[in-house]
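S.K.: What follows is a single structure, and I will ask about it in a moment.
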Amino acid sequence: MPSQPARLSKSRYLSGLQCHKQLWWRVHEPEAPELAPSPGQQNLFAQGHDVGERARQHVPGGELIDLPFYQHDNMVAATREALKHEAPAVYEAWFLADDTYVGVDILERTPRGYGVIEVKASNSYKPEHLPDAAVQVHVLRRAGLAVERAEVMHLNPQCRYPDLSNLFIREDVTALVEGALIGVPDELAAQRAMLAGALPDVPIGEHCTRPYDCPFIERCWPKTPDHHVSRLYRIDRKRALELEADGFATIYDLPSDLELSVIHARQVKAVQSGRMVVEPTLTKALAQFGSPLAFLDFETVSLAIPRWPGCRPWQQVPVQFSVHAEERGGGFAHHQWIAGGPDDPRPALAEALVEACAGARKIVAYYASFERECIRQLREVVPRLAKELERIERRLVDLLPTIRNHVYHPDFGGGFSLKKTLPALVPGLSYSDLRVQDGEVATVELQRLMLRGAELPAGERAALREDLLRYCERDTWAMVKLLEKLRSLVADQLDLF
Ligand code: SF4
């Protein structure tokens, strides 16, 4: 059992503010597998780092404390030295007071002291940014600095490439921080005392997912049984807890006179009977899928700092597609396109897309509003193809609501994503044989291929490209097989299981 209080840091303080138990594990089990960042989190860190660097250009002339992040004491000493100079700002300034380290993204000189600028790679100010700024101001004041202002500097959703002069918005949060400072010393003391003891007993609750998903949820939350009421499609947490408190822990327990939405009623019927439910209305819903069909799926990247014309921070930009197009003589032709480098991929992608969809009467997508948004973006960026792209948009039909509103299989598990519906309706076809198996990894790997592909060995680059092509192709082939299955259900008009 630990006996010495551990030193705190800004990130530890924020973790402890969410939950003491989480902080205890972070400090005493730093190698816990739950703390390994996912590819998506690594991507966010990397983009956040780029945003931090870019932000310095908007507060120019500063001195950077450029030391490895683990050399805290050296960074504190280097910051002290830097403050003796006349530079208007210090970037990555580090301080230690109250047994707590804090790093300040940008410390700006003000007429009578200093301003703390916390840089955030988000498109808006969020309440969870406040304690972050508050603990910095607390530690800096304890270290003897006259901090008279606190700001959050975040990305500006109105900014459009190539004009990045307004990439950031600086929000003055001084008054809010002054109010939030009151509780900081007590909380720091409480965290230090807690860390010196055994693992605290903290009950699970709303704080486990707010403001961030806790990495230790699997450890703390009890395993729920199959078809737990929380698996009812899009049920809000409060309602699920109410049902559980009323004695209905699983969908099997729900009484027949309970008032339910149409989709929930279908789900309950399917789960309680152990059979897939197919509504007679499916026949009519399938009439919109008139051949020849093309099945379309886009993959996108999302960059904090935009780099192509008209793009805003974090805009989802289509950089890859797969199309399976029905051929008149039977069978399918497969078309695909993927960006090969850092240039704006949209003009070439739009051209290939128009060609791939030519001749299709309807274009099938899964959650078509996403494909619609991508096509609208292409229309703006490639005006010479605007008419053809508009025709593609007009021909879009959505397979997702066709399933959601007419079919429920007990194995859907309360969701209608392709990853849920495909293995249930088309056994044997899934993503498990692919190296890229989900959209989050696809986005990260697409960014790697496009922006850093030139640095990769040729073999690795070719393999990465192939993995991404196979993933997107699987999405459109999944739609082909799902529609085939739905048509067979209508033909049989049976509840199959
Ligand atoms: S799951 Fe909840 S209770 Fe457990 S450590 Fe995380 S936040 Fe704390």
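S.K.: Does at least one position in segment 424-441 carry a residue that is closer than 22 Å to P280 by Cα and in contact with a Ser or Thr (Cβ under 6 Å, 6 or more places away or on another chain)? Give the steps one after another, and end with the answer.
M.R.: Going through segment 424-441, the residues closer than 22 Å to P280 by Cα turn out to be 424-426.
Pick out the ones that are also in contact with a Ser or Thr (Cβ under 6 Å, 6 or more places away or on another chain) and you get none.
Checking segment 424-441: not a single residue is closer than 22 Å to P280 by Cα and in contact with a Ser or Thr (Cβ under 6 Å, 6 or more places away or on another chain).
S.K.: Across segment 369-419, which residue is most open to solvent (accessible area, probe 1.4 Å) among those that are aromatic (F, W, Y) and in a helix (DSSP H, G or I)?
M.R.: Residues of segment 369-419 that are aromatic (F, W, Y), as a first pass: 370, 408, 412, 416.
Subsequent filtering for residues that are in a helix (DSSP H, G or I) retains 370, 412.
Numbers: F370: 53, F412: 0 Å².
Going through the qualifying residues, I end up with F370.
Residues checked against (1) in contact with a strand residue (DSSP E or B) (Cβ under 7 Å, 6 or more places away or on another chain); (2) under 25 Å from S302 (Cβ atoms); (3) not assigned by TED's automatic domain parsing to the domain that holds D343:
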{"residue": "F416", "(1), (2), (3)": "no, yes, no"}
{"residue": "K419", "(1), (2), (3)": "no, yes, no"}
{"residue": "L422", "(1), (2), (3)": "no, yes, no"}
{"residue": "D433", "(1), (2), (3)": "no, no, no"}
{"residue": "G439", "(1), (2), (3)": "no, yes, no"}
{"residue": "E445", "(1), (2), (3)": "no, yes, no"}
{"residue": "A458", "(1), (2), (3)": "no, no, no"}
{"residue": "V480", "(1), (2), (3)": "yes, no, no"}
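S.K.: Sticking with this structure for a sec: Given the options L67, L44, name the one that is open to solvent by 60 Å² or more (accessible area, probe 1.4 Å), more than 16 Å from the ligand (Cβ to nearest atom) and touching a helix residue (DSSP H, G or I) at 6+ places or on another chain (Cβ under 6 Å).
M.R.: On the way: L44 fails: touching a helix residue (DSSP H, G or I) at 6+ places or on another chain (Cβ under 6 Å).
Result: L67 is the single residue among L67, L44 that is open to solvent by 60 Å² or more (accessible area, probe 1.4 Å), more than 16 Å from the ligand (Cβ to nearest atom) and touching a helix residue (DSSP H, G or I) at 6+ places or on another chain (Cβ under 6 Å).
S.K.: Mind listing just one residue for me: the one in segment 420-455 that is of a type in the set (K, R) and part of a helix (DSSP H, G or I) and, of those, least open to solvent (accessible area, probe 1.4 Å)? Please lay out each step first, then the result.
M.R.: Residues of segment 420-455 that are of a type in the set (K, R), as a first pass: 420, 435, 448, 452.
Restricting the remaining residues to those that are part of a helix (DSSP H, G or I) gives 420, 448, 452.
On the way: K420: 85, R448: 54, R452: 119 Å².
Selected residue: R448.
S.K.: Any idea which residue in segment 181-201 is most open to solvent (accessible area, probe 1.4 Å), counting only those that are more than 16 Å from the ligand (Cβ to nearest atom) and in contact (Cβ under 8 Å) with a residue 24 or more places away in the chain?
M.R.: A193
S.K.: Something else about it: Say whether the condition of being surrounded by 14 or more Cβ atoms within 10 Å (Cβ to Cβ), within 16 Å of the ligand (Cβ to nearest atom) and either more than 24 Å from the chain's Cα centre (by Cα) or at pLDDT below 95 (or both) is met by at least one residue in segment 28-38.
M.R.: Yes, that holds for at least one residue.
S.K.: Hey, another quick one. Which residue is farthest from Y13 (Cα to Cα), if the candidates are limited to segment 170-193 and must be of a type in the set (A, V, I, L, M) and either assigned by TED's automatic domain parsing to the domain that holds K238 or out of contact with any helix residue (DSSP H, G or I) (no Cβ under 8 Å at 6 or more places or on another chain) (or both)? First the steps, then the outcome.
M.R.: So in segment 170-193, the residues of a type in the set (A, V, I, L, M) come out as 173, 175-177, 180-182, 184, 188-190, 193.
Now narrow it down to the ones that are either assigned by TED's automatic domain parsing to the domain that holds K238 or out of contact with any helix residue (DSSP H, G or I) (no Cβ under 8 Å at 6 or more places or on another chain) (or both): 175, 182, 189, 193.
Working: A175: 21, I182: 15, A189: 10, A193: 13 Å.
Ranking the candidates gives A175 first.
S.K.: How about segment 1-27: which of its residues are more than 16 Å from the ligand (Cβ to nearest atom), under 22 Å from H207 (Cβ atoms) and of a type in the set (S, T, N, Q)? Before you say what the answer is, go through the steps one by one.
M.R.: Narrowing segment 1-27 to residues more than 16 Å from the ligand (Cβ to nearest atom): 1-10.
Going one step further and asking which of them are under 22 Å from H207 (Cβ atoms), we end up with 6, 8-10.
S9 - this is the single residue of segment 1-27 that is more than 16 Å from the ligand (Cβ to nearest atom), under 22 Å from H207 (Cβ atoms) and of a type in the set (S, T, N, Q).
S.K.: Next question, about the same structure. Within segment 202-247, track down each residue that is of a type outside the set (D, E), away from the ligand (no atom under 16 Å from the Cβ), in a helix (DSSP H, G or I) and out of contact with any Ser or Thr (no Cβ under 7 Å at 6 or more places or on another chain). So that I can check it myself, show each step before the final result.
M.R.: Initially, segment 202-247 is screened for residues of a type outside the set (D, E), giving 202-205, 207-212, 214-217, 219-225, 227-235, 237-241, 243, 245, 247.
The next check asks that each one be away from the ligand (no atom under 16 Å from the Cβ); those that pass are 225, 227-229, 231-235, 238-240, 243, 245, 247.
Narrowing the set further to residues that are in a helix (DSSP H, G or I) leaves 229, 231, 238-240, 243, 245.
Correct list: R231, K238, R239, L243, A245.
S.K.: Of all residues in segment 216-231, which are within 25 Å of D132 (Cβ to Cβ) and either more than 22 Å from the chain's Cα centre (by Cα) or open to solvent by 40 Å² or more (accessible area, probe 1.4 Å) (or both)?
M.R.: Initial filter on segment 216-231 (within 25 Å of D132 (Cβ to Cβ)): 216-217, 220.
Listed by number, the residues that qualify are I217, C220.
S.K.: Moving on. Filter segment 33-51 down to the residues that are touching a residue at least 12 places away in the same chain (Cβ under 8 Å) and under 30 Å from A196 (Cβ atoms) and list them by number. Give the derivation first.
M.R.: Initially, segment 33-51 is screened for residues touching a residue at least 12 places away in the same chain (Cβ under 8 Å), giving 34-35, 38-40, 42-44, 47-48, 50-51.
Result: E34, L35.
The values are calculated or read from the model by the stated rules, or taken from the named source; none is laboratory data. Model, not experiment: these values are computed from the prediction. Cβ coordinates were reconstructed from backbone atoms using ideal geometry, including for glycine residues, and neighbour counts include every protein chain displayed. We work out accessible area using only protein heavy atoms, side chains counted, and drop any ligands, DNA or RNA first. Shrake-Rupley method; radii C 1.70, N 1.55, O 1.52, S 1.80 Å.
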